[in-house]
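The values are calculated or read from the model by the stated rules, or taken from the named source; none is laboratory data. Bear in mind that the values here come from a model prediction, so they are computed numbers and not experimental data. Virtual Cβ from ideal backbone geometry, glycine too; neighbours counted across all protein chains shown.
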Amino acid sequence: MSKLDKEDFTEAVYEIVRMIPYGRATSYGAIAKAISYPNMSRMVGRVMGECDSVKSSIPAHRVVNSSGILSAKEAFGNSGEMQKLLEAEGVIVVNDRIKNWKSVFWNPMKEINL
């Protein structure tokens, strides 16, 4: 992937992440599918890991793995920060996993017209 392609990919990821509603979460794979790169969920994870959500106001804490597990919590520095941000939005997290994942999960393919 060239630098220009990576910039486009990154911006496409951020565009979807900005749409995730308060109190909901989605997965790396769902984002990858929504931007027409269904096999690039790990790359979505890498992009999210490099995202400075404080400076960019991108709600990176709302992106987890396909099982609802807070797999990227280290990217927030303090390992409890991602959970705190989700819980502040009413999302229940138990043992690094979102409780009631199916009802919290936001599917961009169904929620926005892509």
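Brief remarks follow.
- Going through (1) modelled with pLDDT of 95 or more; (2) more than 21 Å from Val91 (Cα to Cα) one by one, Ile20 falls short only on (2).
- Among the numbered conditions (1) part of a helix (DSSP H, G or I); (2) at pLDDT 95 or above; (3) among the hydrophobic types (A, V, I, L, M, F, W, C), the only one that Met48 does not meet is (2).
- Failed item in (1) crowded, with 17+ Cβ neighbours inside 10 Å; (2) farther than 18 Å from Asn107 by Cβ; (3) more than 13 Å from the chain's Cα centre (by Cα), with Met40 passing the rest: (2)
- Any chance Ile112 is within 15 Å of Tyr14 (Cβ to Cβ) and in contact (Cβ under 8 Å) with a residue 60 or more places away in the chain: yes
- Answer residue from region 66-114, given it is over 16 Å from Tyr22 (Cβ atoms) and hydroxyl-bearing (Ser, Thr, Tyr) and is surrounded by the fewest Cβ atoms within 10 Å (Cβ to Cβ) among those: Ser67
- Flag if Ala60 is within 23 Å of Ile112 (Cβ to Cβ) and in contact with a strand residue (DSSP E or B) (Cβ under 8 Å, 6 or more places away or on another chain): no
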